[in-house]
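The values are calculated or read from the model by the stated rules, or taken from the named source; none is laboratory data. All values reported here derive from a predicted model rather than from experimental measurement. As a convention, Cβ positions derive from the backbone with ideal geometry for all residues, glycine included, and neighbour counts pool all protein chains shown. Areas reflect the complete protein model, heavy atoms only, side chains present, ligands, DNA and RNA absent. Shrake-Rupley method; radii C 1.70, N 1.55, O 1.52, S 1.80 Å.
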Amino acid sequence: MNTTTIPWRRLAPIAVCAALAIAGAYGIGAPWLHYVFKPATTLALAALVYLAMPAERGYKPTILAGLLLSTLGDVFLMLPGDRFVFGLASFLCAHVAYLVALSRRASLFARRWPFALYGALGAAVFGVLWPDLPVGLHAPVGIYVVVLAVMAAQALVAWRVRPDAATASAALGGAFFVASDATLAIDRFVAPFDGARFVVLSTYWIAQALIALSVVRSRGPFPQARLEESVGR
């Protein structure tokens, strides 16, 4: 892999994997497409991170951990039967990993308004879900919403503190993750709709791709990012 620039061309085959997974989710083509390509897409993004030159100490491993935990969540959510809680727990741990990584680029709460913004958004979504959530899911979903909102807010904080292509990528990734999970929750618990799987999966992989690309540290404007030759440069 060329480690001097963000490998945008490497996203093309990953996008194909995502398209096959979405097609399989709608019963288009062979039934196994969804089961194979859903985890394969997230694992391909993890491979992209693994092969990238690290931006700074500790950032790459925690992003990689988040992608691997997300893959586990993908598997739980696609298996037959209701393993929603296990999937929720896997993604909760993934967001904690992302939060740890993002806190290396800016101190937690270095800016307050992103937390107010995502806190209000998370409270609004949780308020919509509350009447239809099973009682046993009130606490797990509530905790998940808080952690997701904090992760997305910290991504925005990092961009405001150190505006470059990498932090912009993570900030956009956090926003897409919120959109994806809000759509999933509303479709599952409040108002199911036909296009939900497409919206949830497409925004989910856009979010993961943007977060994966944030391992590349940049001095230039988004998206023309370039890696620094070394951490200390």
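What to note about this one:
- Each distinct pair of alpha carbons in the stretch 39-91 adds a 1/r term; the inverse of their mean, the Kirkwood radius, is 11.7 Å.
- Seen through its C-alpha gyration tensor, with square-root eigenvalues sorted a ≥ b ≥ c, the stretch 142-205 comes out oblate because a/c lies at 1.5 or above while a/b is not bigger than b/c.
- Charge tally around ALA94: other residues with Cβ under 14 Å, Lys/Arg +1 each, Asp/Glu -1 each, net -2.
- Along each principal axis, Cα extent of the stretch 68-114, largest first, Å: 43, 20, 10
- Computed label-point distance, nm, for sites ARG160 and VAL85 using a 7 Å Cα→Cβ extension: 3.7 nm
- Rounded to the nearest 10 Å², the accessible area of ARG197 at probe 1.4 Å: 120 Å²
- Whole-Hz ³J(HN,Hα) from phi, Karplus 6.51 cos²θ - 1.76 cosθ + 1.60, for the stretch 155-160, glycine and proline x: 4, 5, 4, 4, 5, 5
- Percentage relative contact order, the chain, counting C-alpha pairs under 8 Å, at least six apart: 24 percent
- Summed side-chain charge close to LEU129 - residues other than LEU129 whose Cβ falls under 12 Å, Lys, Arg +1, Asp, Glu -1: -2
- Global dimensions of the stretch 13-70 from alpha-carbon coordinates: Rg and Dmax equal 13.6, 43 Å.
- A 1.4 Å probe run over the protein chains yields, for the stretch 1-139, 50 Å² of accessible area per residue, whole-number rounding.
- Carbon plus sulfur fraction of accessible area for the chain, probe 1.4 Å, in percent: 70 percent
- Normalised by 2.2 N^0.38 Å, where N is the number of residues, the alpha-carbon radius of gyration of the stretch 176-215 equals 1.22.
- To the nearest 10, the accessible area of PHE109 is 100 Å² with a 1.4 Å probe.
- The stretch 1-102: equivalent-ellipsoid semi-axes (sqrt of 5 x gyration tensor eigenvalues, Cα, Å): 26, 20, 7
- For the stretch 167-179, Karplus couplings with θ = phi - 60° (6.51, -1.76, 1.60), whole Hz, Gly/Pro x: 6, 5, 4, 5, 5, 5, x, x, 5, 5, 5, 4, 4
- Total formal charge among the other residues, if their Cβ is under 13 angstrom from that of MET78, Lys/Arg +1 and Asp/Glu -1: +1
- Options [x] 15.5; [y] 12.1; [z] 10.9 - which one matches mean projected area of the Cα convex hull in nm² as calculated here: [y]
- Summing Cβ point charges (Lys, Arg +1; Asp, Glu -1) relative to the Cα centre of the chain gives a dipole of roughly 840 debye.
- Note on CYS93: accessible area is roughly 70 Å² with a 1.4 Å probe, heavy atoms of protein only.
- Lys/Arg +1, Asp/Glu -1 at C-beta; the stretch 81-161 dipole; positive extreme among LEU102, LEU92, ALA116: LEU102
- Taking only the C-alpha atoms of the stretch 57-168, Rg followed by Dmax gives 15.1, 44 Å.
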